[in-house]
Amino acid sequence: MHYCNQCHRITPGEPLFCNFCGRSYNLKLCPHRHPNPRNAEICSQCGSRDLSMPHPRVPLWLAPLLLLLSALPALVLIGVTLLFLIGFVNALASSPQLLLQFMLVGLMLAFLWYLYMHLPSFLRRFLTRLFSRSQRDDHDH
């Protein structure tokens with residue numbers, strides 16, 4: 001899945017070009033699909049001057065923020081799991097009557113981990129539908 005900085009839409013899979021604006025991702029491609037750096041004017045393999053236009057670069061300040069936002073759910077889930085394990089061991093040692101409540105919380109936590117592991121495919125489909133225009137919207141522009 002790639003996010004286009006030009007049209008601000010997501011294309012599912014591992015595409016070479018944005019499905020909406022036609023820009024390539026992070027490099028220039030010739031008609032033979034040879035990869036070239038963003039500043040190339042001629043293909044280094046076939047000599048073609050017909051190179052694709054890459055989408056704009058992500059601003060330098062935005063790249064770490066996007067990385068942090070993508071890692072945040074996993075970090076929160078790991079933190080909650082560690083707190084649960086510490087509380088569970090404490091409950092085993094001090095008050096065994098709380099074990100049923102901890103088991104229920106553990107099951108909910110396991111379900112959250114299951115959702116987290118399977119979320120990317122659901123999220124990918126949701127974001128694709130969210131950012132794709134309908135056929136009617138494309139004809140209006």
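What follows draws every value from the coordinates through simple rules; no lab data is involved. On a predicted model such as this, the values are computed, not experimentally measured, just so you know. All Cβ positions, even for glycine, are placed from backbone atoms using ideal geometry, and neighbour counts span all protein chains on display.
Here are the numbers for the structure shown:
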quantity	calculated
For LYS28, distant residues with modelled amide H under 5 Å away	ASN36, ARG38
Around LYS28: net Lys/Arg minus Asp/Glu count, Cβ-Cβ under 15 Å	+3
Efficiency of FRET between TYR114 and LEU68 - r from beta-carbon atoms, R0 22 angstrom, step 0.05	0.35
Using θ = phi - 60° and Karplus 6.51 cos²θ - 1.76 cosθ + 1.60, couplings along the range 67-74 (whole Hz; Gly, Pro as x)	5, 5, 5, 6, 8, 4, x, 5
Hz values of 3J(HN,Hα) by residue in the range 97-107 - Karplus curve (6.51, -1.76, 1.60), Gly and Pro given as x	5, 8, 4, 4, 5, 5, 5, 5, 5, x, 5
Burial ranking of peptide ranges 86-97, 24-35 (average Cβ count within 10 Å, highest at the top)	24-35, 86-97
